[in-house]
Amino acid sequence: MLPRSFVVVLALVLALAGAACTRSEAQPAESEPAAAETRPQATTVTVEVEPESDAREVAIRVASGSWGVFAFADVYIDGKGPFNFTVDTGASSSIIDWDLVRKLGIKTIGPPLTVTGITCRGEASKIKVSDWRLGDIVLPAKRIQTIDMPDPGGGVDGLLGSDVLSTFGAITVDYGGERLLLASAS
């Protein structure tokens, strides 16, 4: 079960994303003529896509509830794990929980920085992760932020953001099939 503070932050992020539409985008300006009250006919197009032969598959666990829907994957660091990471295509940066960094004995790089979220402020440090993988797929060496992540009760050890996921040509999160498809970057 996710803590209330985590759910509130997630809800605020989603609300802000939904509120990004300005009046000029949502409604025609007063000087513009009103459009006719007819709606165009809906058209359905079916496209068959050949699966990419170089796509690799990773099992994920999908959890949902009143707090939202999350995809979790097993990540191994320095030959240890599995660790429970969320797959977050909307996050620009990957994060590893500070408790896991301490447990693995990974040294931080440089002084901690103050980071500010929607409802909180905290300390973040950087670490270098050279030996890590998602399932059996080797991930690129990266400098990753480490923060004290909220514990939703399920033991979330980190999240994989677009800084890592974008190194694959394309990704598909198959929530129904509980799998993540990663294509090779071209």
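The values are calculated or read from the model by the stated rules, or taken from the named source; none is laboratory data. Please read all numbers here as calculations on a predicted model, not as lab measurements. Glycine gets a Cβ as well: all are built from the backbone with ideal geometry, and neighbour counts include every protein chain shown. Heavy atoms of the whole protein, side chains included, go into the accessibility calculation; ligands, DNA and RNA do not. Shrake-Rupley method; radii C 1.70, N 1.55, O 1.52, S 1.80 Å.
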Residues meeting the amide H criterion for residue 158 (H placed from the backbone, H to H distance under 5 Å, 5 or more places apart or on another chain) are 86, 97
Once amide hydrogens are built 1.01 Å from N within the peptide plane, the residues lying 5 or more places from residue 179 or on another chain with amide H under 5 Å from its amide H are 60, 174
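What is the sum of charges, Lys and Arg at +1 and Asp and Glu at -1, for the other residues whose Cβ falls under 10 Å from the Cβ of residue 144? Before the final figure, lay out the partial values.
On the way: positive: 126, 128, 142, 143; negative: 163.
Cβ neighbours under 10 Å give a net charge of +3.
Using a Förster radius of 30 Å, what is the FRET efficiency between residue 137 and residue 109 based on their Cβ-Cβ separation? Nearest 0.05, please.
On the way: r = 25 Å, r/R0 = 0.83.
The computed FRET efficiency comes out at 0.75.
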For the range 169-174, Karplus-derived ³J(HN,Hα) couplings (6.51, -1.76, 1.60; θ = phi - 60°; whole Hz; x for glycine and proline) come out as x, 7, 10, 10, 9, 9
Taking 85-98, 164-177 and ranking on average Cβ neighbours within 10 Å, highest first, one gets 85-98, 164-177
Judged on accessible area alone, 1.4 Å probe, highest first, 162, 64 line up as 64, 162
